[in-house]
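K.L.:
Attaching a single structure in structure tokens format; questions to follow.
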Amino acid sequence: MLDAFLGWLGVVFVFTGVFFLFLGALGIFRLPDVFNRLQAGTKATTLGVVSTSIGVGLIAKGWILFAVALAIFLLMTNPISSHAIARASYRVGVKKYPQTDPDECEKREWKFPEGGEEK
Amino acid sequence: MERVESSAGSRYLYAVVVYFFLWIVLTYPFSIHEWEAGAAIALLGALLTYKQLSVSGMKNIERLGILLFWYLPVFIWEMLKANLHVAAIVLNPKMPIKPGIVKIKTNLKSPVAKVWLANSITLTPGTLSMDIDGQYLYIHWIKVKTKDVEKATQEIAGSFEKILEAMFK
């Protein structure tokens, strides 16, 4: 009884995850510039993958610990990679959506860390 | 930047605990032989890497309570809201976006706390942290509500800053 219930709960988790992953892909396709795309990409893939892996952990017995460990790693590392992409693409001057307003980043003087290169 | 370090012993012990716990999780069908090997490797691995793993050592274990019972519920709720927000924008045929990069000011001192704040901001509705400069964070906001630094701080970081202040005090 409990097994069947957990299995169906897992299926619900997996489908929620798949739905959000699809939305993330759609967001990357539809949104105008790299920063907006990163927004959709990061949020949707994080919840999507976490939800999918926890669902798999509920369906397959004995995998829940791995699933939770995977979810924790993803939650900690996924945003960091998106910061790195956003920061790097701003610094190399990727074109932003023309109606971006305000742009506080523009007003700041770039201080490159020790050993970094000035543009 | 402020960087309060705990004693080497406490940091070493914390590394051992973390590695041993990870080993137990990753070798799941529990067996005592696995645990013995895990203990040996944890003791040795921690000796090599405890300096890189943490600065505050065993204090991190005390923080786990706040993390699980205060931070995590807020975080999960915010992340669900963020995804529904993205869904609403992406599925809307007109795509109601009004992006901008705003600046917010944080009172958090320790670098680790700032990392947590930046990660939390990235996974909450409509915001993506882009850069950091001392006490200022630059946030890409998909639907700008205010350009004022104070108000933006309240709007974006308000809910998490209190929790992280309690966690990393």
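K.L.:
Mind checking which residues of the stretch B:12-54 are outside any helix (DSSP H, G or I) and of a type in the set (G, A, S)?
P.N.:
Residues satisfying the conditions are B:S31, B:S54.
K.L.:
Moving on to the next point. Go through the stretch A:90-101 and count every residue that is in a loop (DSSP other than H, G, I, E, B), of a type outside the set (V, I, T) and surrounded by 15 or more Cβ atoms within 10 Å (Cβ to Cβ).
P.N.:
2
K.L.:
Could you check, for the stretch B:69-90, whether at least one of its residues is at pLDDT below 85 and open to solvent by 60 Å² or more (accessible area, probe 1.4 Å)?
P.N.:
Looking for residues that are at pLDDT below 85 and open to solvent by 60 Å² or more (accessible area, probe 1.4 Å), one finds none in the stretch B:69-90, hence no.
K.L.:
Let me ask something additional. Within the stretch A:19-36, take every residue that is more than 8 Å from chain B (Cβ to nearest Cβ) and in contact with a Gly (Cβ under 7 Å, 6 or more places away or on another chain) and give me the one that is modelled with the highest pLDDT.
P.N.:
Looking at residues that are more than 8 Å from chain B (Cβ to nearest Cβ) and in contact with a Gly (Cβ under 7 Å, 6 or more places away or on another chain), I get A:L21.
K.L.:
Taking A:G62 and the conditions (1) out of contact with any Leu (no Cβ under 7 Å at 6 or more places or on another chain); (2) in contact (Cβ under 8 Å) with a residue 12 or more places away in the chain, which numbered condition does it fall short on, given that it satisfies the others?
P.N.:
It is condition (2) that A:G62 fails.
K.L.:
Then there is this: Just one of (1) more than 8 Å from every other protein chain (Cβ to nearest Cβ); (2) assigned to a helix (DSSP H, G or I) trips up A:K61, so point out which.
P.N.:
All conditions pass for A:K61, except number (2).
K.L.:
Is the stretch B:134-142 home to any residue that is open to solvent by 40 Å² or more (accessible area, probe 1.4 Å), closer than 20 Å to B:E161 by Cα, among the aromatic types (F, W, Y) and in a helix (DSSP H, G or I)?
P.N.:
The answer is no; no qualifying residue exists.
K.L.:
OK, next. Could you tell me which residue of the stretch B:143-152 is farthest from the other protein chains (Cβ to nearest Cβ), considering only residues that are open to solvent by 10 Å² or more (accessible area, probe 1.4 Å) and either assigned to a loop (DSSP other than H, G, I, E, B) or touching a strand residue (DSSP E or B) at 6+ places or on another chain (Cβ under 9 Å) (or both)?
P.N.:
B:E150
Here's the yes/no breakdown for (1) at pLDDT 90 or above; (2) of a type in the set (D, E, K, R):
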{"position": "A:M1", "(1), (2)": "no, no"}
{"position": "A:L47", "(1), (2)": "yes, no"}
{"position": "A:T52", "(1), (2)": "yes, no"}
{"position": "A:D101", "(1), (2)": "no, yes"}
{"position": "A:R108", "(1), (2)": "no, yes"}
{"position": "A:G116", "(1), (2)": "no, no"}
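K.L.:
Still on this structure: Please go through the stretch A:71-89 and pick out each residue that is free of Cβ contacts under 8 Å to residues at least 24 places away in the same chain and buried (at least 18 other Cβ atoms within 10 Å of the Cβ).
P.N.:
A:A71, A:H83
K.L.:
Another question, then. Any idea how many residues of the stretch B:98-124 are crowded, with 20+ Cβ neighbours inside 10 Å and either facing chain A (nearest Cβ under 8 Å) or closer than 27 Å to A:F22 by Cβ (or both)?
P.N.:
Matching residues across the stretch B:98-124 total 12.
K.L.:
Now for a different question. Restricting to the stretch B:22-67, what's the tally of residues that are more than 14 Å from chain A (Cβ to nearest Cβ), open to solvent by 70 Å² or more (accessible area, probe 1.4 Å) and more than 22 Å from the chain's Cα centre (by Cα)?
P.N.:
9
The values are calculated or read from the model by the stated rules, or taken from the named source; none is laboratory data. Since this is a predicted model, take the numbers as computed values, not measurements. No Cβ is skipped: glycine too gets one built from the backbone with ideal geometry, and neighbour counts run over all protein chains shown. Protein only, heavy atoms only, side chains kept; ligands, DNA and RNA dropped before computing areas. Shrake-Rupley method; radii C 1.70, N 1.55, O 1.52, S 1.80 Å.
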